[in-house]
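The values are calculated or read from the model by the stated rules, or taken from the named source; none is laboratory data. Quick caveat: nothing in here was measured; it's all calculated off a predicted structure. All Cβ positions, even for glycine, are placed from backbone atoms using ideal geometry, and neighbour counts span all protein chains on display.
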Amino acid sequence: MTTTARPLLVLFACATLGSGAALAERADRDKPVHLEASRVTVDDVKRVHVFEGNVVLTQGSLVIRTAKLVVTQDADGFQKGVASGGANGLARFRQKREGRDEYIDGEAERIEYDSRAEKAEFFTRAYVKSGVDEVRGHYISYDGKTEQYLVTSAPGASPASDQGRVTAIIQPKNTKKSTAADPAASSPALAR
């Protein structure tokens, strides 16, 4: 069971919607997987593992909390994971970002990850927060191969539709901090 669960953890870790510089903690991949559930069903013939009832999956800094977690594996060893339900009907995850003292948090009614496609999808009441930046919509998709995001406000919504709005809060990324106490730092005329 640990062999099947480990790639699932990596897939959630890699798919947590961080940019290339905001990847999940790499050291988590080498940590043991700890899984708790009220019920576990294993079908080795079909390569399906189902964890149900207050599921808590932990590996290093990664924590997934959900009502149900289904992991399937194809003949080539690639896995698909589906986390659904949980507290208030939401599946949740949290993981430390690589090289930073920040976390990536996400939630949705359903979170799916396909390790072959390296794609994560968050369905219904989708929310992802990476550090201080956050995005919310009906659907969030992240392609790990291209590092591209898609966020929509309604199922199948196109940019021309008027079916609600996506919200994003992106904090400024200042490389130099200037303060009002240092007038030379904030005024080019005084810096000469």
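Can you tell which of LEU62, LEU90, LEU8 is closer than 23 Å to ARG125 by Cα, at pLDDT below 70 and surrounded by 19 or more Cβ atoms within 10 Å (Cβ to Cβ)?
Unique residue meeting the criteria: LEU8.
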Just the residues that are of a type outside the set (Gly, Ala, Ser) and in contact with a helix residue (DSSP H, G or I) (Cβ under 6 Å, 6 or more places away or on another chain), please, taken from the range 131-150.
GLU147
Among the residues of the range 113-130, count how many are crowded, with 17+ Cβ neighbours inside 10 Å and either within 20 Å of SER61 (Cα to Cα) or touching a Pro at 6+ places or on another chain (Cβ under 9 Å) (or both).
8
Looking at the range 110-132, which of the residues that are at negative phi and over 13 Å from the mean Cα position of the chain (by Cα) is modelled with the lowest pLDDT?
SER115
Boolean, VAL70 is of a type in the set (A, V, I, L, M, F, W, C), modelled with pLDDT of 90 or more and part of a strand (DSSP E or B):
yes
